[in-house]
1. Being surrounded by fewer than 12 Cβ atoms within 10 Å (Cβ to Cβ), of a type in the set (Lys, Arg) and more than 18 Å from the chain's Cα centre (by Cα): is that true of residue 174 here?
2. Just for the range 68-125: of the residues that are at pLDDT 90 or above and among the hydroxyl-bearing types (Ser, Thr, Tyr), which one is nearest to residue 248 (Cα to Cα)?
3. Taking the range 331-359 on its own, how many of its residues are touching a residue at least 24 places away in the same chain (Cβ under 8 Å) and outside any loop (DSSP other than H, G, I, E, B)?
4. When the residues of the range 55-72 are narrowed to those that are in a strand (DSSP E or B) and charged (D, E, K, R), which ends up surrounded by the most Cβ atoms within 10 Å (Cβ to Cβ)?
5. Between residues in the range 1-19 that are farther than 18 Å from residue 239 by Cα and at pLDDT 85 or above and residues that are hydrophobic (A, V, I, L, M, F, W, C) and part of a loop (DSSP other than H, G, I, E, B), which pairs lie under 8 Å by C-beta distance while being six or more apart or on different chains?
6. Can you pull out the residues in the range 34-54 that are of a type in the set (A, V, I, L, M, F, W, C) and surrounded by 13 or more Cβ atoms within 10 Å (Cβ to Cβ)?
7. Do we find a residue being among the charged types (D, E, K, R) and either modelled with pLDDT under 85 or over 25 Å from residue 11 (Cβ atoms) (or both) anywhere in the range 205-218?
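The values are calculated or read from the model by the stated rules, or taken from the named source; none is laboratory data. Not measured: the values here are computed from a predicted model. A quick note on method: Cβ atoms are made from the backbone with ideal geometry, for glycine too, and the neighbour counts reach across all protein chains shown.
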Amino acid sequence: MLLEVEGGHPFKHCLMLRLDSHVQELNVLKSGSIYRSGEFQFTLSHISENSPPSLTFEHNVEFTEWVNVDKDHRVRRKVITRQPIIIRIQSERNLLTISYPGFTHTNLTGTGWNGYENVVQNLLNILTNELGWNLKILPIKDALKFFIEGANRRVIQVKADVDTPMARFDVSAKGRSINIEEAMASFLSAHLPGVEEETLRAASKKAFSSAIANSIVLYWLQEGLFTRLRFWDIGTELHFVWNNESATYRVVDEITYTLSDACRALSGLKSEAKNLLEWIVKQEPLNLITPGDMSQRFSLVPGEARSTLLTAMKAGLVEPVYRLASTELLEEIQNEWSPDLSRFRQQFTTSSGVKIDGTNPENLEVAFRRVASVTERA
């Protein structure tokens, strides 16, 4: 019972991977089975067939802590603690998430500054070699470019630790509405009076995107949540900073689904449309994009264009806008594109006396409008 409850609450750390194979029936696996890889031993302590199904592996970690013996006397004591790792299998999305508490102070071999990477690597060896799962790294770093290189209403980059040929930079922005490019541009503009701040922002954006990222911190606008992303050889680790927001898989799923959908769109584009998301990012704020226009420009069938625009909407790059499917003047309102769908949920009369039922979806047109940045909207 306690293991079932534990499996329903996410830990701070999460690794995302693509699952490219059918997972064997979980009832074939046996709770209590012991697996070994490298210097690590894992016990499969719990199997849940809820939706989504999950596996709980556990292993022991030895670390040393200081203990107060009396007021002026402290000693170091070795402690062995249980570490659970929850693997959630979301086959319909080809997504595998690995959730774990991690650790900061430990004598466990091979952890070092990378934290849990060596532990997870050996568990992945078990999943692939012994259980036969086909796991691949998601191109999250590439997909993130479509979020943080253009204006969006989903996420902003507030911190980055990057390597360049000449130096390593660790840059942070203050607050929750300013990204690091704007922070850098603001810092430099005071010393370069002849250069426009927009030019500095563009240069900062290009510099950060060209650098090799060790880790970044994102602020998710809808969730009000910070996540640190660390780019390991085995995949991208997300560290959720749970403050005011309760730690729930609902929030984890919203973020991981957004990232995995962007990765899927990026990897699934046809060759003639591989720059489709880049094209959306480069559109000027408030530009209108329709599925029909996109289909014609990139030689896509309407379904593909709409699917990509929906992905861009989930990424916060565009917002849906509506208007009545009529070219005639209306007596009640001006028939302009609007993100407020409720504005059209009534009966309308055209200048020629024709009645239009705005509650009927067939009488509405839908387009997508490129959003403006936080500073542009202020």
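1. Considered against the rule, which asks whether it is surrounded by fewer than 12 Cβ atoms within 10 Å (Cβ to Cβ), of a type in the set (Lys, Arg) and more than 18 Å from the chain's Cα centre (by Cα), residue 174 comes out as yes.
2. Top of the filtered list is 99.
3. Total meeting the criteria: 3.
4. Restricting to residues being in a strand (DSSP E or B) and charged (D, E, K, R), the top hit is 58.
5. From the range 1-19, the pairs are 18/137; 18/138; 19/133.
6. 40, 42, 44, 47
7. Scanning the range 205-218 turns up at least one residue that is among the charged types (D, E, K, R) and either modelled with pLDDT under 85 or over 25 Å from residue 11 (Cβ atoms) (or both).
One line per residue, one yes/no per condition, for (1) part of a strand (DSSP E or B); (2) within 15 Å of residue 227 (Cα to Cα):
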{"residue": "147", "(1), (2)": "no, yes"}
{"residue": "151", "(1), (2)": "no, no"}
{"residue": "159", "(1), (2)": "yes, yes"}
{"residue": "162", "(1), (2)": "yes, no"}
{"residue": "166", "(1), (2)": "no, no"}
{"residue": "171", "(1), (2)": "yes, no"}
{"residue": "175", "(1), (2)": "no, yes"}
{"residue": "184", "(1), (2)": "no, no"}
{"residue": "187", "(1), (2)": "no, no"}
